[in-house]
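Let me begin by presenting the structure, written as structure tokens, before commenting on it.
Here, each number is a calculation from the coordinates, and none is a lab measurement. What you are looking at is a predicted structure, and each value in this text was computed from that prediction instead of being measured. Note that each Cβ is placed from the backbone with ideal geometry, even for glycine, and that neighbours are counted across all protein chains shown.
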Amino acid sequence: MTKLKWGMIGGGEGSQIGPAHRLGSGLDGLFEFTAGALDHRAAEGIDYGQRLGLGDRAYGSWQDMLAGESAREDRIDLVTVATPNSTHFEITKAFLEAGFHVLCEKPMTMTVEEGEEIVRTAEKSGKICAVNYGYSGYSLVRHMKAMIARGDIGEVRLVNAEFAHGHHADAADADNPRVRWRYDPAQAGVSAQFADCGIHAMHMASFVTGQEVTKLSADTVSCLDMRVLEDDAMVNFRMDGGTVGRLWTSSIAIGRQHGLGIQVFGETGGLRWSQEQPNQLYYMPLGGRLQVIERGEANLSPEADRTTRVTIGHAEGMPLAFANIYKDLAEAISARKEGRDIDPAANLYPRAEDGLRSMAAVVAVAESGKQDGAWLDARPPMFQ
Ligand SMILES: NC(=O)c1ccc[n+]([C@@H]2O[C@H](COP(=O)([O-])OP(=O)(O)OC[C@H]3O[C@@H](n4cnc5c(N)ncnc54)[C@H](O)[C@@H]3O)[C@@H](O)[C@H]2O)c1
């Protein structure tokens, strides 16, 4: 496999998510960090890019990068969009139209209409548009999906997912500009906590069960009075394979750190996984004994085997989950270049369609919350 060229927009010095993308894309030696427009301030972006070794492919803006890379024969193969949310649509659309494969941070867009446009643009361009629901890259999440697909827990009856933290619980800190914007509709859109965190849990419910959310009912609240948007939500949902879904998300849950977790209950067994202990998957077969499946142990699924790198008993964490999304994308891009089929165990990266479905769910949660929990269609018009 030839080394692929990778570029990033956003993810500048001091950003939250930029380092995880650089680590993830670089881990397996499949991508070379080649170009970037890393900061909203041109000079700082160029300076940081040059310090990271990008030379004259450190650009001052994404528009310069688009023009510069489009003009080159050795243009980048994949660009990651890791800028703030409101810029994702414009940048992703422009790069897809210019013929680049894109990995866009979540949320992919700010509206359902924009999401549909990205899906259409990706289809028209024939390019990959992936969305970084990076937690779906964890090895044991992949294994959970494989176990459910091969029938280890029978027909799935119920999914219980949550993503709760307590980092916005302090009323004295609520006016801090770094916190406040998240609850301001003008800057955050229609939803705060569900759009930021709850949506990861909902995506994971779809990812592991292989089912899509069809309708939902939400109870959204702002536990801190000064907030317009919700800091806590309880969402009930139904999936197209008949599964019942329950989801809790919160930013005021003091003592919770990064509490993304999922439990799936079927006719003949149950599974439980938690992001803070990602190297263990709990499996209870009906009438049997509780089993702890360890990441890296023998006889796991091909999907788990290809996404584990450190020997059993050594912790693997979030940057390696991101690395698995990049590993999938490297395989998908290389398969296209070489005119062969993609390894099925790699064909699991989240797509633009997932970004669109998520946006429709976010809008439905916000609207249902306003309507006292009315059950609403959670599907984008394109998929109704
Ligand atoms: N998938 C995940 O698990 C996950 C986790 C955290 C953040 N995110 C997403 O990643 C994105 C970035 O979040 P963050 O926390 O790193 O933000 P941040 O504010 O820490 O960093 C944003 C970076 O983008 C740069 N930037 C802003 N506008 C730009 C532009 N027009 N051109 C080039 N660079 C620009 C800024 O200078 C900064 O370096 C958000 O969309 C967020 O939702 C995803």
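The figures follow:
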item	result
The range 33-48 residues that are closer than 16 Å to residue 83 by Cβ, paired with ones that are near the ligand (Cβ under 8 Å from one of its atoms) and of a type in the set (Val, Ile, Thr) (beta carbon under 8 Å, 6 or more apart)	36/9; 37/9; 38/9; 40/83
Residue count for the range 12-34, restricted to those that are surrounded by 24 or more Cβ atoms within 10 Å (Cβ to Cβ) and within 13 Å of the ligand (Cβ to nearest atom)	2
Positions within the range 158-179 being in a helix (DSSP H, G or I), surrounded by 13 or more Cβ atoms within 10 Å (Cβ to Cβ) and under 23 Å from the mean Cα position of the chain (by Cα), in sequence order	179
Residues being in a loop (DSSP other than H, G, I, E, B), more than 20 Å from the chain's Cα centre (by Cα) and not hydroxyl-bearing (Ser, Thr, Tyr) - total across the range 266-288	4
Selection count, the range 97-140, where residues are within 16 Å of the ligand (Cβ to nearest atom), surrounded by 24 or more Cβ atoms within 10 Å (Cβ to Cβ) and among the aliphatic types (A, V, I, L, M)	6
Selection within the range 51-96 - without any contact (Cβ under 8 Å) to a residue 24 or more places away in the chain and part of a loop (DSSP other than H, G, I, E, B)	53, 54, 60, 71, 72, 73
Selection count, the range 35-88, where residues are within 9 Å of the ligand (Cβ to nearest atom), charged (D, E, K, R) and over 24 Å from the mean Cα position of the chain (by Cα)	2
Among residues of the range 302-327, those that are in contact (Cβ under 8 Å) with a residue 60 or more places away in the chain and in contact with a Leu (Cβ under 9 Å, 6 or more places away or on another chain), counted	13
